[in-house]
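Input: a single structure, listed below in structure tokens.
No value in this document is a laboratory result; all are computed from the given coordinates. Worth saying up front: this structure is predicted, and the values here are computed from it rather than measured. We place every Cβ from the backbone using ideal geometry, glycine too, and count neighbours over all the protein chains shown.
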Amino acid sequence: MAAELEGSKCLSGLLSGLAQDTFYGHPGITEELLRSQLYPEVSLEEFRPFLEKMKGILKSIASADMDFNQLEAFLTAQTKKQGGITSEQAAVISKFWKSHKTKIRESLMNQSCWDRGLRSLSWRVDGKSQSRHSAQIHTPVAIMELEIGKSGQICSPVVFKQLDKLDKICDIKRLYTMVSEYQ
Amino acid sequence: MEESSEQQLDAKSKVTSQLIDFEWKLGMAVSSDSCRSLKYPYVAVMLKVADHSGQVKNKSFEMTIPQFQNFYRQFKEIAAIIETV
């Protein structure tokens with residue numbers, strides 16, 4: 001195996017690149033890009049299995065949401081394996097997970113919402129209005145626009161016309177109280 | 001009679017939907033095919049809306065806890081403003 005692959009100098013950069021691709025969904029982080037930027041002396045044939053190994057390790061750690069004890073045990077096992085990692089590499093991976101854990105976990109949560117996560121909410125309240133054809137004064141309304149999902153699907157504006165619909169707020173308030181127990 | 005003329009004159013009703021109901025549940029995501037250990041609570045919402053023709057549709061979405069807390073704050077603000085308008 002190429003000597004560069006046994007080192008740990010560029011491993012941190014490699015893990016960042018892997019995180020960008022695997023978790024944050026940034027396009028364009030190809031194996032060729034990573035190789036040419038970080039391990040230019042290594043051939044693609046040798047680099048590929050190395051990259052897969054590191055990707056597998058990172059994905060296992062993230063998927064299991066390992067705490068520090070589990071992480072140490074897991075990485076130690078990897079150093080003892082045939083074709084595993086060196087203890088310097090284990091140290092780099094450990095440091096990387098500790099500093100990126102929160103952000104990676106957040107990405108995994110967002111990914112698991114599929115296309116149903118609420119991305120943004122905007123609203124407007126329209127005041128009382130009158131038209132010359134109608135003597136009826138329109139009661140104030142709230143108009144909400146929700147952006148749902150990765151594709152940015154805009155839910156066509158939703159109007160609350162009757163004030164009694166906002167009584168649902170009491171029900172939602174109950175939800176709010178419940179939710180604070182999960183913080 | 002008044003209802004329908006009100007709708008005709010209400011330009012907004014052609015492009016907006018009326019909120020009929022707001023259903024919710026508090027769930028806990030445990031695991032998924034792409035992530036073995038998720039362990040996070042989330043709020044799932046189902047909005048029942050009626051378009052100008054009266055057809056009822058469901059719109060569902062999810063929020064993480066911080067997202068829901070922000071959502072709730074906005075709702076409260078809307079309620080407060082509607083009261084004063």
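The table below lists the values:
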{"quantity": "Protection-proxy order for peptides B:75-81, B:63-69, A:25-31, each taking the mean of Cβ atoms within 10 Å per residue, highest first", "calculated": "B:63-69, B:75-81, A:25-31"}
{"quantity": "Exposure proxy order (Cβ contacts within 10 Å, fewest to most) of B:61, A:96", "calculated": "A:96, B:61"}
{"quantity": "Links that overshoot a 24 Å alpha carbon limit, given the list A:55/A:101; A:80/B:39; A:98/B:25", "calculated": "A:80/B:39; A:98/B:25"}
{"quantity": "Ascending count of other beta-carbon atoms within 10 Å, so fewest first, for A:150, A:53", "calculated": "A:150, A:53"}
{"quantity": "Exposure proxy order (Cβ contacts within 10 Å, fewest to most) of A:98, A:59", "calculated": "A:98, A:59"}
{"quantity": "Peptide ranges A:34-41, A:13-20 listed from the most packed, as the mean C-beta count within 10 angstrom indicates", "calculated": "A:13-20, A:34-41"}
{"quantity": "Length gained when the stretch residue B:34-residue B:53 is fully extended (0.36 nm per residue, less Cα-Cα span)", "calculated": "2.7 nm"}
{"quantity": "Within 10 Å of each Cβ in B:18-25, the average number of Cβ atoms from other chains", "calculated": "5"}
{"quantity": "Nearest-0.05 FRET efficiency for residue A:26 and residue A:2, computed from C-beta distance (R0 22 Å)", "calculated": "0.25"}
